[in-house]
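Written below as structure tokens is the structure these notes are about.
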Protein chains: 2
Amino acid sequence: MRAVVLKGNFEVVVEDRPIPVLRNSQDVIIRTTRSALCGSDLHPYRGTEECAPNFILGHEFVGEIVEKGADVKTFKIGDKVVAPFCTCCGTCFYCVRGKTSRCLQGQVFGTAGFPGALDGAQAEYVRCPLADSNLFICPPTIPEECAVLMADIFPTGYFAASRFLENLDELDRRELTVVCVGAGPVGICAIACALTMVDRVYVIDPVPSRLEQAAKIGAIPIAAGDDPIAQIAEVSNGRGADVVIEVVGNLQAFQLAFDLSGPWGKISSIGAHSSQFQLSGPACYGKNITFAFGRCPVRGVFEKALDILVQKHESISFLYSQIVPLEDAAAAYAAFEARKTHKTIFACN
Amino acid sequence: MRAVVLKGNFEVVVEDRPIPVLRNSQDVIIRTTRSALCGSDLHPYRGTEECAPNFILGHEFVGEIVEKGADVKTFKIGDKVVAPFCTCCGTCFYCVRGKTSRCLQGQVFGTAGFPGALDGAQAEYVRCPLADSNLFICPPTIPEECAVLMADIFPTGYFAASRFLENLDELDRRELTVVCVGAGPVGICAIACALTMVDRVYVIDPVPSRLEQAAKIGAIPIAAGDDPIAQIAEVSNGRGADVVIEVVGNLQAFQLAFDLSGPWGKISSIGAHSSQFQLSGPACYGKNITFAFGRCPVRGVFEKALDILVQKHESISFLYSQIVPLEDAAAAYAAFEARKTHKTIFACN
């Protein structure tokens, strides 16, 4: 089969690899129809996330089950499925609480070289373990390239937004000052979700075209170079942000989120950070601040996120309308790294 | 009147000061009957919190209203009242949300030299601003020296515990691994509250007598020198703590809280931190960790905390049974600093 393989920093190639085989009775083999290029694929691509060379990239995909282990009960050959990027067992301490991203047996597609390593899905076929507790039937109400977003970035956006915005009362819906730092693909998903929970979301990004896209779905854009801290202070009667959704995953973005936050500010940070943070204890105390970090439990939030995606998918179709052949992966990585493209979908079969 | 005054690092004296007078129409003057020595009084005492010299210490008190401004409606002369340590207006963005500790007009008793400064209550009289939105009638069901705990440390303990433990389902009540770092007075209050929310609370402290007192009210003691990280890992099937209540407010305690935490760990930190924190971004992401910092909104949590104190006050009577004359303040500060005493109550009148 053909597969997108990381050879070294900033170097991916499409090459022949063996079609994966079942390794245990809960596995399925999936013939990938669509996979996607995600911001977090750029971490190993840039070398900011250490990993073994020569592994197959990609953790967002939909496809058709072509082979299944003897203990797979819920799915049959021919089912069209979408797979959360982090696998889960459904029964451990975390899974029973919906916190599936830290499942005790969890693995992440496309992260060879790490504990929990699993070959990626930017390929014609992929092996998925723990199929029954992991997969979802591909939602029939949205296009399959849109369903790819349900593997990671749309639930991740939902998770980022919902941690501090779910179930607000009317007063908070109307009055909270909510800011999204970052208008890349996850930022767009987070904004789409947040706007079902509060009346207004501000968005900060250095890239004008990204801000424009965020504005089209209803966010209020602020250029990163245009003193966002002063602007947010002004629109919040001097308070600062009440909730910041930080989707970038670097130190600068996190620091901006902190500086934007007012008293009782809450920061929902979902990027895979690679830096050290230096935080002022007196400022943390003085702001009564709350931070939440970490990986989205896709399975745990899947239904709620899907409800919103089904409602809103046409307004964010730019996230899944750029479909290129798998063979063009090298150019797609380079363009995404240069922020020339938003989200790229690979046609794998 | 007689008042406890900070002269410099580790130096307090009891000296004569003028009886305070009304400054505006919402003020009252209170004849203090009991005030208390709090862990956070040690910050200016040690010089780790910068402040002007020669100010009156103390932010925990009960007393009787002896004079009131023209606009005070809720209270009358002779009312016995307890005052949250941070004052609040009742109407600002934060107050209407119960987040009264960051009231836009908020001041803290006994913090002269800071914005929001207000003379302290370790004195025979104290002026309280914004009386209607600030004061509570002293609960008749508990002794007045116990009611002093409602000014700060008992609600603070409640706040520390409830942020991540309130409204748990039965499974979490039974299964969560909850650790309190610190068994000083606030730790005792936090444990008393947490044990109404979960079945088990572990407590870590270096002082054996404090651990013994925590054990008496139902916590499971772990000596700080006895590899608490390994012990907590063992009792949590290798996960680590699910919730850590950090009541110490220094870097070492915070770092321990972080290291104790497992995946999806939540740290409720209520100390007034004075250090810088160095946090690992990959560890924050990898643990899906949540931190919450800051000052307790006493008014916002008052009723819920009081319900627990009324139930449990006899079991923590050691926190309010050491009553000494105000004139003994210098010795009381020195003994508390040396961790020879738990909580000291001053008889002021």
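Just one of the listed residues (B:186, B:179, B:244, B:203) is within 22 Å of residue B:338 (Cα to Cα) and in contact (Cβ under 8 Å) with a residue 60 or more places away in the chain, and it is B:186. Quick check on residue B:291: is it part of a helix (DSSP H, G or I), within 12 Å of another protein chain (Cβ to nearest Cβ), on the phi < 0 side of the Ramachandran plot and buried (at least 22 other Cβ atoms within 10 Å of the Cβ)? When the stated conditions are applied, residue B:291 does not pass them. For region A:30-81, filtering for residues that are out of contact with any Ser or Thr (no Cβ under 7 Å at 6 or more places or on another chain) and either more than 24 Å from residue A:15 (Cα to Cα) or not assigned by TED's automatic domain parsing to the domain that holds residue A:128 (or both) leaves 11. Within region A:230-287, restricting attention to residues that are more than 30 Å from residue A:47 (Cβ to Cβ), among the hydrophobic types (A, V, I, L, M, F, W, C) and outside any helix (DSSP H, G or I), the residue that is nearest to the other protein chains (Cβ to nearest Cβ) is A:264. The criterion of at least 1 residues that are within 16 Å of residue A:217 (Cβ to Cβ) and of a type outside the set (S, T, N, Q) is met by the following helices (runs of 4 or more DSSP H) wholly inside region A:122-199: A:144-147, A:153-165, A:185-194.
Taking the conditions exactly as written (under 29 Å from residue B:99 (Cα atoms), free of Cβ contacts under 8 Å to residues at least 60 places away in the same chain, of a type in the set (Val, Ile, Thr) and touching an Asp or Glu at 6+ places or on another chain (Cβ under 7 Å)), does residue A:229 satisfy them or not? It is true that residue A:229 is under 29 Å from residue B:99 (Cα atoms), free of Cβ contacts under 8 Å to residues at least 60 places away in the same chain, of a type in the set (Val, Ile, Thr) and touching an Asp or Glu at 6+ places or on another chain (Cβ under 7 Å).
Report whether or not residue A:214 is small (Gly, Ala, Ser) and within 14 Å of chain B (Cβ to nearest Cβ). No, not satisfied.
If the condition is being in contact (Cβ under 8 Å) with a residue 40 or more places away in the chain, within 22 Å of residue A:296 (Cβ to Cβ) and in a loop (DSSP other than H, G, I, E, B), then region A:206-226 contributes only A:217. If the condition is being on the phi > 0 side of the Ramachandran plot and at pLDDT below 95, then region A:114-173 contributes only A:116.
Counting only residues that are in a loop (DSSP other than H, G, I, E, B) and surrounded by fewer than 15 Cβ atoms within 10 Å (Cβ to Cβ), which one in region B:91-112 is farthest from the other protein chains (Cβ to nearest Cβ)? Please lay out each step first, then the result.
Within region B:91-112, the first condition is being in a loop (DSSP other than H, G, I, E, B), and the residues that meet it are B:91-94, B:98-99, B:103-107, B:110-112.
Going one step further and asking which of them are surrounded by fewer than 15 Cβ atoms within 10 Å (Cβ to Cβ), we end up with B:91, B:98.
Values: B:91: 13, B:98: 10 Å.
Within region B:91-112, the match that is farthest from the other protein chains (Cβ to nearest Cβ) is B:91.
With the structure loaded, tell me whether residue A:205 is buried (at least 21 other Cβ atoms within 10 Å of the Cβ), in contact with a Phe, Trp or Tyr (Cβ under 7 Å, 6 or more places away or on another chain) and farther than 30 Å from residue B:97 by Cα or whether it fails that test. Spelling it out, it is not the case that residue A:205 is buried (at least 21 other Cβ atoms within 10 Å of the Cβ), in contact with a Phe, Trp or Tyr (Cβ under 7 Å, 6 or more places away or on another chain) and farther than 30 Å from residue B:97 by Cα. Taken residue by residue, region A:109-125 has at least one member that is in contact with a Gly (Cβ under 7 Å, 6 or more places away or on another chain), outside the structural domain of residue A:257 (by TED's automatic domain parsing), of a type in the set (Phe, Trp, Tyr) and closer than 19 Å to residue A:299 by Cα. Selection of region B:65-79 for residues being outside any loop (DSSP other than H, G, I, E, B) and buried (at least 18 other Cβ atoms within 10 Å of the Cβ) yields B:65, B:68. I'd like to check something: does region B:215-223 contain any residue that is surrounded by 24 or more Cβ atoms within 10 Å (Cβ to Cβ), touching a helix residue (DSSP H, G or I) at 6+ places or on another chain (Cβ under 6 Å) and under 30 Å from residue B:72 (Cα atoms)? No.
The values are calculated or read from the model by the stated rules, or taken from the named source; none is laboratory data. Nothing here was measured: the structure is a model prediction, and the numbers come from that model. All Cβ positions, glycine included, derive from the backbone under ideal geometry; neighbour counts span all protein chains shown.
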